[in-house]
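Here the structure is laid out as structure tokens; the discussion comes afterwards.
Readers should treat all values here as calculations from the given coordinates under stated rules, not as data from a laboratory. In this text the structure is predicted, and so the values were computed from the model without any measurement. All Cβ positions, even for glycine, are placed from backbone atoms using ideal geometry, and neighbour counts span all protein chains on display.
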Number of protein chains: 2
Amino acid sequence: MERINIGLIGYGVIGQGVVKILKSRRKFYKDKYQKDFFIKTIADRSIVKKLSPGLDNTFLTPDYHAVLNDKDIHIVIELIGGMNPAKDIALSVLRSGKHLITANKELIANCGQELFKEANAAGRSVYFESAVGAGIPIIRTITEGLAGNKFNGVYGIINGTCNYILTEMSRRQLTFQQALKEAQEKGYAESNPTLDINGMDAAHKLVILVFLTQGKFVGVRDFYTEGINHISHEDIEFAGNLNLTIRLLAIAKRVGNELDVRVHPTLIPKEHALATVNGVDNAIFLDTDPLGDIFIEGQGAGQMTAASGVVSDLVNVVLRKDMAIPVWAGNPIEEGEGLTIRKIDEVETRFYIRFMVIDKPGVLAIITGVLGQHHISIASVTQKQENKGLTVPVVMLTHGAKEHLVREALEQINHLAVVRSKPVAIRMEKL
Amino acid sequence: MERINIGLIGYGVIGQGVVKILKSRRKFYKDKYQKDFFIKTIADRSIVKKLSPGLDNTFLTPDYHAVLNDKDIHIVIELIGGMNPAKDIALSVLRSGKHLITANKELIANCGQELFKEANAAGRSVYFESAVGAGIPIIRTITEGLAGNKFNGVYGIINGTCNYILTEMSRRQLTFQQALKEAQEKGYAESNPTLDINGMDAAHKLVILVFLTQGKFVGVRDFYTEGINHISHEDIEFAGNLNLTIRLLAIAKRVGNELDVRVHPTLIPKEHALATVNGVDNAIFLDTDPLGDIFIEGQGAGQMTAASGVVSDLVNVVLRKDMAIPVWAGNPIEEGEGLTIRKIDEVETRFYIRFMVIDKPGVLAIITGVLGQHHISIASVTQKQENKGLTVPVVMLTHGAKEHLVREALEQINHLAVVRSKPVAIRMEKL
């Protein structure tokens with residue numbers, strides 16, 4: 001029975017989940033894989049406060065160098081998150097001939113290229129299944145399950161917090177603030193949920209998906225990202241009447257030599273698989289060639305799901321440790337070098353637009369006139385109620401229209417006297 | 001650039017798809033994986049009738065021994081199907097030190113154990129992604145993506161023909177025969193569709209899933225299999241009114257030390273992901289620990305999807321050829337040895353039952369009386385129309401009831417004078 005010595009850096013929620021799994025399943029893994037997964041050292045700044053029973057044979061230390069400098073440790077699991085000192089730790093792990101497992105999306109999104117080069121040079125592997133969809137095997141599906149396929153597009157619901165909020169707003173007519181508060185109470189949202197809500201968490205994950213599907217590292221600031229805090233449950237309801245569901249979607253499509261990459265609240269036809277993804281679930285919809293469409297869904301948040309992804313990495317790295325270079329790191333990193341990101345201004349989508357206008361004759365003619373001047377054609381218009389002389393919502397669905405034209409038209413409309421608040425615009429995606 | 005010499009045995013629909021992909025994507029694979037996939041030899045009994053342009057450098061022969069005896073061939077793709085001579089070919093491939101890729105579900109279901117032992121002994125791999133869900137990476141998801149998880153249950157829609165028929169019966173009120181005929185015209189069903197329709201194709205695939213999730217090879221005759229040819233569109237409609245959808249489901253659940261394994265038409269709540277799987281799509285729903293529920297869906301039939309699975313195997317076997325033993329073959333085959341299959345008689349499920357009865361007072365009392373004697377309690381009863389003195393359908397949903405009690409009760413009811421045709425019973429699955 002081969003003993004696998006593991007060093008764990010960062011003993012927070014996920015780290016404790018990993019230990020829980022490895023402890024409770026030790027015999028299962030011995031039987032199934034003929035390996036003894038042994039956590040030799042745990043390093044955590046606050047380790048003295050986190051002492052938990054049953055770690056008698058594990059060395060506990062506040063200093064991560066005890067892991068880095070231990071030649072008997074074969075695999076390091078980095079779970080501290082953020083860039084500093086995670087990046088130095090990661091590089092040091094690979095340079096000292098250990099394999100690296102991390103759930104750190106920021107690290108992979110920002111330094112993936114550097115880490116993969118280092119891993120290739122050292123003949124070691126970087127595994128990061130939990131960095132995108134917690135335990136859902138999204139990364140392994142793309143890199144191995146669909147090996148040999150081209151990816152025309154990837155569409156992901158990859159932030160469980162946002163999906164929980166949107167689902168509950170829709171299901172129980174909650175306001176954004178009510179749903180967010182509930183998500184925090186249930187432990188689905190961080191106490192500072194800014195990076196979830198503003199789309200940046202999904203944007204980091206999308207950078208990883210773009211690399212895996214298109215072979216190019218893009219910067220998180222190189223594409224358009226919009227969060228969900230301006231979504232009201234009225235819009236969810238109006239969209240529902242049009243048979244549409246709102247989800248925060250991370251999108252990366254290949255359009256010729258351009259990449260259409262963006263994160264924003266998106267209207268999806270209710271009968272599409274992505275529209276049925278509820279609560280903290282994550283899901284990915286892949287448009288591939290020659291295989292066609294693939295959809296994968298599972299829990300996207302929670303201690304044990306993220307920990308499960310880490311453990312699956314652990315099993316995989318051990319079972320194939322003779323193969324120094326994993327499929328994705330073996331990809332020539334320049335594969336997608338010629339690709340450029342399409343400017344958001346030039347992206348063409350359909351739009352749901354809600355105007356709050358004075359209910360009087362001629363208003364619609366003025367608004368549609370401005371839209372027409374900007375070459376925006378309208379698929380449907382609904383005035384939601386009658387309220388002569390007072391403010392009423394008018395909801396429009398446009399045909400495909402260029403982003404900058406819509407923005408310019410809405411700016412102009414926003415200054416009209418009959419328009420009472422900033423128009424709400426939500427993009428729709430053809431799937 | 002390493003050249004990978006491939007031998008292809010069986011040049012039917014899927015084989016031609018594989019060649020099509022490898023030819024059209026040769027440069028893509030060279031760029032992406034630094035490998036040149038070269039089809040050195042194609043063996044097919046009817047090769048002279050199947051000559052296709054662009055295979056100038058490939059040796060074409062009716063004799064598969066030309067592949068087996070060629071020491072320069074590294075990987076053999078077996079696509080002839082059936083057991084004979086596929087089994088001899090497979091064993092010979094592994095014994096001569098080549099890797100084996102096959103889409104042959106019958107072969108893996110019946111001889112998987114023998115083949116994996118042989119592969120382990122020879123230090124070679126057996127890959128069979130296309131044997132279960134065509135190109136959908138079901139096998140890789142279970143064995144690698146979810147490595148480290150326990151599988152409480154697997155629920156699969158793994159026969160595209162049946163799913164197409166049930167979908168179209170439901171969507172367009174077709175009869176079974178009409179939908180089957182259409183499936184054949186569209187090339188989704190074989191000219192002899194018996195093995196699809198009677199559930200045996202799904203049963204073979206389920207044997208593979210049971211092995212992958214529970215570590216035990218069961219025989220296809222050791223569990224209950226029921227096809228879809230007795231499903232009427234009336235039952236689909238009545239079930240629809242109860243918010244239920246009918247799908248041919250392959251089920252394998254762990255219940256203590258027993259396996260509950262079966263294939264039959266199954267009622268699923270409409271809002272469950274499996275109920276949204278339409279047309280020729282395949283899908284798997286996995287109940288895992290600690291990850292939770294995972295759902296994966298994609299096209300389950302068609303030349304290019306099955307071919308895509310084969311090509312993905314090819315890429316994976318090449319990229320990890322230093323790892324002699326794939327995860328699943330490395331599993332101790334005895335892992336699940338203590339498990340026994342629960343007798344179908346002892347399985348407890350809820351039932352949808354449709355009775356065709358004479359519409360007169362007292363009939364319901366007689367039927368429910370018999371059910372009561374068999375300890376079957378009723379959740380709902382609907383008489384579908386009124387037609388005094390004539391035959392009308394009565395639809396019942398039971399609570400959980402043991403299979404043998406339901407069968408005995410229905411036999412007794414079937415002999416009642418007021419009952420005009422054999423009751424239709426469809427099991428319901430709690431998901």
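Key figures
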read-out: Cross-link reach list, lysines versus A:LYS181, counting only Cα pairs under 30 Å and skipping chain neighbours closer than eight places; value: A:LYS20, A:LYS49, A:LYS50, A:LYS105, A:LYS205, A:LYS270, A:LYS384, A:LYS422
read-out: Sites matching trypsin sites (Lys or Arg not before Pro) across the range B:336-422 that sit in DSSP coil, with at most 10 neighbouring C-beta atoms within 10 Å; value: B:LYS388
read-out: Estimated FRET transfer efficiency (A:LYS150, B:MET356; beta-carbon r; R0 35 Å; 0.05); value: 0.05
read-out: Share of pairwise Cα separations in chain A, more than 43 Å, in percent; value: 20
read-out: Residue-averaged beta-carbon neighbours from other chains (10 angstrom radius) around A:281-288; value: 2
read-out: Gaussian network model of chain B, springs between alpha carbon atoms under 10 Å - residue of B:LEU291, B:LEU259, B:LEU209 with greatest fluctuation; value: B:LEU291
read-out: GNM result for chain B, Cα springs below 10 Å: residue of B:ALA283, B:ALA121, B:ALA365 fluctuating most strongly; value: B:ALA365
read-out: In the range A:51-137, trypsin sites (Lys or Arg not before Pro) in a DSSP loop with at most 14 other beta-carbon atoms within 10 Å; value: A:LYS71
read-out: Residues whose placed amide H lies under 5 Å from that of A:THR349, excluding near-sequence neighbours; value: A:ALA401, A:GLU403
read-out: Cα shape, the protein assembly as shown, gyration tensor, a/c 1.5 rule; value: rounded
read-out: Extension gain (nm, one decimal) between B:LYS23 and B:GLN173, 0.36 nm per residue minus Cα-Cα; value: 49.8 nm
read-out: ³J(HN,Hα), Karplus 6.51/-1.76/1.60, whole Hz, each residue of the range B:7-16, x for Gly, Pro; value: x, 10, 10, x, 10, x, 4, 5, x, 5
read-out: Loop-located trypsin sites (Lys or Arg not before Pro) in the range B:207-271, at most 10 other Cβ atoms within 10 Å (DSSP); value: B:ARG221
read-out: Charge dipole of chain A about the Cα centre (unit charges at C-beta), most positive-ward option of A:ALA307, A:ILE366, A:GLY240; value: A:ALA307
read-out: Within the protein assembly as shown, percent of DSSP bridges classed antiparallel, to nearest 5; value: 65
read-out: Hull shadow area, averaged, the range B:10-84 [alpha-carbon convex hull, nm²]; value: 5.5
read-out: Neighbour-count order for B:SER46, A:SER125, fewest beta carbons within 10 angstrom listed first; value: B:SER46, A:SER125
read-out: 7 Å along Cα→Cβ, label-point gaps from B:GLN178 to other copies, nm, shortest first; value: 4.7
read-out: Distant-in-sequence amide H partners of A:THR245 (H built 1.01 Å from N, under 5 Å); value: A:ILE268, A:LYS270
read-out: Amide H contacts under 5 Å for A:ASP281, placed H, 5+ residues apart; value: A:GLY300
read-out: Sorted by Cβ neighbour density within 10 Å, fewest at the top, the residues A:ASP72, A:ASP293; value: A:ASP72, A:ASP293
read-out: Pairwise centroid distance, computed over Cα atoms, of the range A:58-131 with the range B:340-360, Å; value: 56
read-out: Per-bin percent of Cα-Cα distances, the range A:138-300 [10 Å]; value: 11, 40, 34, 13, 1
read-out: Teacher prompt: B:ASP88 distances to equivalent labels in other copies, 7 Å Cα→Cβ, nm; value: 6.7
read-out: Within straight-line cross-link reach of B:LYS71, lysines at Cα separation under 16 Å, skipping those fewer than 8 residues along the same chain; value: B:LYS40, B:LYS98
read-out: Backbone HN-Hα couplings from phi across the range A:248-260 [Karplus 6.51/-1.76/1.60, Hz, Gly and Pro as x]; value: 6, 10, 9, 10, 9, 10, 8, 10, x, 9, 10, 10, 9
read-out: Copy-to-copy label separations for B:GLU237, where each label sits 7 Å from Cα toward Cβ, in nm and ascending; value: 3.6
read-out: Per-residue ³J(HN,Hα) for the range A:27-39, Karplus 6.51 cos²θ - 1.76 cosθ + 1.60, θ = phi - 60°, Hz, x for Gly and Pro; value: 5, 4, 5, 4, 5, 7, 10, 6, 10, 10, 7, 10, 7
read-out: Shielding by partners - mean other protein chain Cβ count within 10 Å, residues of B:129-141; value: 4
read-out: Neighbour-count ranking [beta-carbon atoms within 10 angstrom, fewest first] of B:VAL132, B:VAL48; value: B:VAL48, B:VAL132
read-out: The range A:346-428: Cα Rg divided by the 2.2 N^0.38 Å rule of thumb; value: 1.01
read-out: Whole-Å distance, taken between Cα centres, linking the range B:165-238 and the range A:197-272; value: 37
read-out: 0 to 90° range, to nearest 10: angle between helix B:403-414 axis and chain B longest Cα axis; value: 50
